[in-house]
Amino acid sequence: MTTDAPDPPPSPSTRQRYAPATDSPSRNVPTSPQSSRSPLHRLASTYAALPNSSVNAFCGASAGIASGIVTCPLDVIKTRLQAQGAFRPRTLGRPSRQVYQGLVGTAKVIWFEDGVRGMYRGLGPMLLGYIPTWAVYMTMYDFSKDYFYPRMENKWLSRISASIVAGACSTLATNPIWVVKTRLMAQVSEHALSDHRPPWQYTSTFDAFRKMYRNEGIRAFYSGLAPALLGLTHVAIQFPMYEYFKQRFTGLEMGEATAQGEDVLGILGATILSKICATSATYPHEVLRTRLQTQQRSLPSHDHEEISFRGGHRGRGHYTRPPGTASSDGMINIPRYRGVIKTCTIILQEEGWRAFYNGMGTNMVRAVPAAVTTMLTYESMRSLHQRLKREEELRYAEEP
């Protein structure tokens, strides 16, 4: 490491942790025979030598996996509440009875119909999606900050711009995975009421990809992309506010840590406050995205599963089900929701403005622990990298 000033002398405790250098100066490995045989020590040295871009990707992926495992049941409940009403028939009378009511009520219905597997339905694509989503996001956010900071005097504007760029990259890269995840989470038991049963049934993540591509085409994987991009307003609020609160509580920016480690309480406070603000301000876009992602776009009039669709026609003598619900009259599906504005209009007319906040309480219960798990994991992994890097630099400074 090249510096203007000479390296400070290592502390006695640091000297005791490492043995003297061996006769082979070309090998940048621990010099103690015991350390050189330790896989854990070699792994730590490799991790410390990683560049920041790779560290950001690895830390982001690890944070997303931890968050997905912890919060999957709550995500299933939230998705069921958001999708409720999307599959009901367009009758002339009153709307169908709501099956999912609140956090506890929805959990009871899912547990009764599907058991523990129902609570973790969609975990596979969730984990599959979190790895690239957070890896791309954290990498691009750190890179974008380095790009915008010298070019913008206002740090708030720099962070907002960086969060939007990072969010757009991760959304475009991973939207197909999230569509499959949402479909699987919205899928109910075959014993559920037909009014709330979606017009598809998947047995696995691979089966969902296969059937969606075969029956609906590549465009189905980008259903809900417009409201997903509207969701960039969420990260544009969350991450700048997180950095603001973390600086107020700890004096450090995102990804930074002191030599003593990360301030857990400061990270907790910053994460909770930023997530609550962002979720409260931008929640309706999640309902729009769920409705568009759970809607089946089209099917051929004749398929081997004998499932086909017909638009919900108005007028005398027409008692057909709406698009997105099962029928067997041999007609091709006409999508019920078309675009963000049309979807907003339909939901507002048929269900009222409260439908835009279906599942918000559950989402808040899910989103806050998910954000806490994500940021604590990310900050801890970054702090570990910085600590190991400092130790490696001290060790190399001792070598002649």
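The values are calculated or read from the model by the stated rules, or taken from the named source; none is laboratory data. As the structure is a computational prediction, the values presented were derived from the model and not from experiment. Glycine gets a Cβ as well: all are built from the backbone with ideal geometry, and neighbour counts include every protein chain shown.
Across segment 202-216, which residue is nearest to Gly124 (Cα to Cα) among those that are touching a residue at least 24 places away in the same chain (Cβ under 8 Å) and in a helix (DSSP H, G or I)?
Thr205
Go through Met360, Met364, Met381 for me and flag whichever is within 30 Å of Thr258 (Cα to Cα), among the hydrophobic types (A, V, I, L, M, F, W, C) and in contact (Cβ under 8 Å) with a residue 60 or more places away in the chain.
Answer to the check: Met381.
Based on what the data block shows, is Thr345 modelled with pLDDT of 85 or more and hydroxyl-bearing (Ser, Thr, Tyr)? Don't jump to the end; show me each part of the working.
Working: modelled with pLDDT of 85 or more: yes; hydroxyl-bearing (Ser, Thr, Tyr): yes.
For Thr345, the condition - modelled with pLDDT of 85 or more and hydroxyl-bearing (Ser, Thr, Tyr) - is met.
Between residues in segment 148-163 that are free of Cβ contacts under 8 Å to residues at least 12 places away in the same chain and residues that are in a helix (DSSP H, G or I), which pairs lie under 7 Å by C-beta distance while being six or more apart or on different chains?
Tyr149/Ser158; Met152/Ser158
Out of the residues in segment 341-357 that are among the hydroxyl-bearing types (Ser, Thr, Tyr) and touching a residue at least 40 places away in the same chain (Cβ under 8 Å), which is surrounded by the fewest Cβ atoms within 10 Å (Cβ to Cβ)? Can you show your working first?
Of all residues in segment 341-357, those among the hydroxyl-bearing types (Ser, Thr, Tyr) come to 343, 345, 357.
Restricting the remaining residues to those that are touching a residue at least 40 places away in the same chain (Cβ under 8 Å) gives 343, 357.
Numbers: Thr343: 22, Tyr357: 16.
Looking at the filtered set, the residue picked out is Tyr357.
Given the options Arg366, Arg395, name the one that is in a helix (DSSP H, G or I), more than 14 Å from Ser280 (Cα to Cα) and not β-branched (Val, Ile, Thr). Walk me through it before giving the result.
Values: Arg366 fails: more than 14 Å from Ser280 (Cα to Cα).
Sole residue among the options that is in a helix (DSSP H, G or I), more than 14 Å from Ser280 (Cα to Cα) and not β-branched (Val, Ile, Thr): Arg395.
What pairs come up if the first residue lies in segment 62-75 and is buried (at least 24 other Cβ atoms within 10 Å of the Cβ), the second is of a type in the set (Phe, Trp, Tyr) and at pLDDT below 90, and their beta carbons are under 8 Å apart, counting only those six or more places apart or on different chains?
These pairs meet every condition: Ala63/Trp134; Gly64/Tyr130; Gly64/Trp134; Ser67/Tyr130; Gly68/Tyr130.
Mind checking which residues of segment 237-293 are in a helix (DSSP H, G or I), farther than 16 Å from Ser163 by Cβ and charged (D, E, K, R)?
Within segment 237-293, Arg248, Glu286, Arg289, Arg291 qualify.
Please find, among Gln247, Gln260, the residue that is modelled with pLDDT of 90 or more, under 23 Å from Asn52 (Cβ atoms) and polar (S, T, N, Q).
Working: Gln260 fails: modelled with pLDDT of 90 or more.
The unique qualifying residue is Gln247.
Go through segment 245-261 and report how many residues are in contact with a helix residue (DSSP H, G or I) (Cβ under 8 Å, 6 or more places away or on another chain) and more than 21 Å from Lys145 (Cα to Cα).
2
On the basis of being closer than 30 Å to Trp353 by Cα and either in contact with a strand residue (DSSP E or B) (Cβ under 8 Å, 6 or more places away or on another chain) or surrounded by fewer than 16 Cβ atoms within 10 Å (Cβ to Cβ) (or both), does Ser274 make the cut?
Values: closer than 30 Å to Trp353 by Cα: yes; either in contact with a strand residue (DSSP E or B) (Cβ under 8 Å, 6 or more places away or on another chain) or surrounded by fewer than 16 Cβ atoms within 10 Å (Cβ to Cβ) (or both): no.
Taking the combined requirement at face value, the residue does not satisfy it.
Hey, among Arg321, Arg314, Arg338, which residue is modelled with pLDDT under 85 and surrounded by 16 or more Cβ atoms within 10 Å (Cβ to Cβ)? It would help to see each step written out before you state the result.
Values: Arg314 fails: surrounded by 16 or more Cβ atoms within 10 Å (Cβ to Cβ); Arg338 fails: surrounded by 16 or more Cβ atoms within 10 Å (Cβ to Cβ).
So the residue among Arg321, Arg314, Arg338 that is modelled with pLDDT under 85 and surrounded by 16 or more Cβ atoms within 10 Å (Cβ to Cβ) is Arg321.
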